[in-house]
Amino acid sequence: MAQDNRHPFLQGLSKHRGAPPTVITIFGASGDLCKRKLVPAIYNLAVDNLLPADFYLIGYGRKPMPDATFRELASESISKFSRRSLNTEIWDRIEQNTYYCSGGYDELEAFKNLSAKIESIEKELGRDVQSVFYISTPPSVFEPIIENIGAAGLAIRHQDSDKHTKVVVEKPFGKDLESARHLNRVIGHVFQERQVYRIDHYLGKETVQDLLVQRFANSIFEPLWNRQYVECVQITVAESLGVGTRGGYYEQSGATRDMIQNHTMQLLALTAMEPPVSLDAEAIRDEKVKLLKAIKPLRFGYENSDVIRAQYTEGLIDGEKVPGYKQEEGVSPSSETETFGAFRLNISNWRWEGVPFYLRSGKRMARRVTEIAIQFKRPPSTLFSENEMFNLESNTLTFQIQPDEGSTVLLNAKIPGLQTRTQPVKMHFKYSATFGSNTPEAYERLVLDAMIGDGTLFIRGDETEASWSLITPLHEFWASEKERGMENYVSGSWGPLAADRLLWDNGHEWRRP
Ligand code: BG6
């Protein structure tokens with residue numbers, strides 16, 4: 001038998017999965033996400049032979065263009081952004097099934113045309129196909145798109161089979177609790193929850209999924225995973241990039257909406273949730289919701305606040321001078337938007353009562369790194385108390401989500417020699433060293449899972465509301481206290497001093513990843 005040399009993730013997938021004949025329609029087809037991520041993801045799925053044999057791609061956008069132009073743009077985006085170079089033989093097969101529909105998002109007629117297109121594909125093929133609608137537009141048009149998918153009869157196709165319609169909704173999912181609830185209601189009028197796939201692309205990252213495996217497929221961690229042994233947990237999602245050309249969007253969003261409410265909270269939920277009863281999507285999502293609901297309301301105000309917000313000023317990144325946030329394109333010179341947030345959270349349940357969870361995320365920080373660090377309590381100091389002979393650190397288990405994917409355990413060890421002297425050492429598992437570095441991108445996994453109908457790595461409606469419930473009161477407070485409490489940090493640093501103080505209060509310190 002021929003040896004399968006592909007990445008283990010792909011070997012595993014192709015043994016167990018297969019999507020039915022599918023038409024993916026991407027709304028926002030001339031947008032950045034489609035170009036940079038979605039089309040390359042589809043192409044890479046084709047390279048790995050994971051697309052169904054009958055696969056069709058329809059780009060939908062306001063700008064009129066012939067099919068041929070969209071095909072050209074798609075092939076350019078593969079050449080530019082795909083992790084693997086363009087193989088024309090593979091692309092040709094997708095290209096001949098690629099079409100473009102133009103129309104407004106609030107124009108029912110255009111959606112009826114889209115419906116006619118999908119039906120003509122079915123007719124030509126002589127069998128049913130499932131429709132996956134991928135909404136990657138700005139959020140202002142989510143609602144008309146969803147309503148028109150419903151009004152054109154597209155949501156209820158093949159309802160009782162595995163070819164039922166699916167809708168994938170990009171972030172941001174609302175801007176506060178009320179708007180998220182409203183969007184859930186709009187979706188609920190047209191779709192059943194099992195048809196809805198809310199994206200948080202962090203869940204598609206290979207190492208985020210590995211977190212579940214490391215936690216629950218190893219017996220050595222579970223006995224320690226609680227308030228008796230854990231001193232604190234630190235989750236860092238740091239970027240060295242600034243807002244770039246997205247100043248307009250970011251001004252309305254800020255770090256809390258852009259990164260904390262979604263990506264960072266998801267990492268927290270997976271780290272702290274109870275073991276699910278199975279690997280079934282609902283079982284995992286039930287546990288995440290329970291965890292999110294157990295987080296104590298944030299304290300914010302003038303004294304003893306659990307939250308620090310800050311904005312970057314000019315500084316150096318990799319030796320290059322970069323402008324401050326207020327000088328960025330599309331940003332108001334008097335902007336009150338935070339580009340950094342640090343949070344101290346407490347989870348009120350049996351497992352975690354009294355263990356602080358520290359979260360931080362920011363742009364223009366010292367380097368790009370996402371990691372989860374579980375810091376364990378120190379042993380009794382009867383044998384080795386800290387002095388010049390014993391340099392001791394807390395045992396820490398760190399999951400490096402990106403960029404150097406892997407995990408590390410920090411231990412204290414004896415320095416060889418006749419005296420007993422100690423030093424912290426690291427046990428390191430590196431993904432690329434063990435499995436090679438050609439790991440699939442998050443969007444490949446997510447597009448495939450939506451086609452297959454597996455919602456595990458997507459956010460359920462109640463989950464997004466639970467997370468907004470925590471964050472929204474904070475935004476309301478900030479809206480009433482615009483300038484108060486806004487700190488600054490120099491680009492290329494690890495954030496403002498106030499974020500360090502947030503931990504000092506409990507005798508803790510941020511890690512320097
Ligand atoms: C997006 C945010 O959701 O995630 C961006 O809107 C951020 O501001 C990006 O840069 C980070 O994603 P990744 O995968 O590069 O860590």
Using only Cα atoms, find the angle between the long axis of helix 177-190 and the longest principal axis of the chain, and express it within 0 to 90 degrees, rounded to the nearest 10.
30
Semi-axis lengths (Å, descending) of the ellipsoid that matches the C-alpha gyration tensor of the stretch 166-280
29, 21, 13
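With the cut-off at 18 Å, tell me which of the pairs Lys37/Lys171; Lys35/Lys163; Lys326/Lys363 have Cα atoms farther apart than that. Walk me through the intermediate numbers first.
Numbers: Lys37/Lys171 14 Å; Lys35/Lys163 26 Å; Lys326/Lys363 13 Å.
Listed pairs above 18 Å: Lys35/Lys163.
State the percentage of accessible surface on the chain attributable to carbon and sulfur atoms; use a 1.4 Å probe and exclude ligands, DNA and RNA. The partial results should precede the final answer.
Details: 11630 of 23210 Å².
Heavy-atom surface of the chain belonging to carbon and sulfur, 1.4 Å probe: 50 percent.
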Are there trypsin sites (Lys or Arg not before Pro) in the stretch 89-144 that DSSP marks as loop and that have at most 15 other Cβ atoms within 10 Å, and which are they?
Arg127
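Helix-only estimate, please: 222 nm mean residue ellipticity of the chain, summing -39500 (n - 2.57) across DSSP H runs of length 4 or more and dividing by its residues, to the nearest 500. Don't jump to the answer; show the numbers that get you there.
Values: 15 runs with 168 residues, N = 513.
Taken over the chain, the calculation gives -10000 deg cm²/dmol.
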How much accessible area does Ile459 have with a 1.4 Å probe, in Å² rounded to the nearest 10?
10
Set of lysines with alpha-carbon distance to Lys377 below 22 Å, sequence-local pairs under 8 removed
Lys414, Lys426
Non-local amide H neighbours of Lys377 (under 5 Å, H modeled in plane, Pro and chain starts lacking H): which ones?
Val230, Glu231
Classify the stretch 214-262: rounded, prolate or oblate, from the alpha-carbon gyration tensor (a ≥ b ≥ c, eigenvalue square roots; a/c under 1.5 rounded; otherwise prolate if a/b is larger than b/c)?
prolate
Relative to the longest principal axis of the chain, what angle (0 to 90°, nearest 10) does the C-alpha long axis of helix 206-216 take?
60
Here, the chain modelled as identical Cα point scatterers in vacuum has Debye log10 I(q)/I(0) at q = 0.13 Å⁻¹ of -1.38
I need the shape label for the stretch 398-513. Rule: rounded when a/c is under 1.5, else prolate if a/b > b/c, else oblate, with a, b, c from the alpha carbon gyration tensor.
oblate
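List the chymotrypsin sites (Phe, Trp or Tyr not before Pro) within the stretch 333-367 that DSSP assigns to loop and that have no more than 14 neighbouring Cβ atoms inside 10 Å.
Listed in order of number, the matching sites are Trp350.
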Taking a probe of 1.4 Å and leaving out DNA, RNA and ligands, the chain shows per residue an accessible area in Å² of 45
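When you count, for each residue, the other Cβ atoms within 10 Å and take the mean per peptide, how do 380-393, 401-414, 249-262 rank with the highest first?
249-262, 401-414, 380-393
The values are calculated or read from the model by the stated rules, or taken from the named source; none is laboratory data. Everything numeric here is computed off the predicted structure, so don't read it as measured data. Note: ideal-geometry Cβ built from the backbone for every residue, glycine included; neighbour counts use all protein chains shown. We work out accessible area using only protein heavy atoms, side chains counted, and drop any ligands, DNA or RNA first. Shrake-Rupley method; radii C 1.70, N 1.55, O 1.52, S 1.80 Å.
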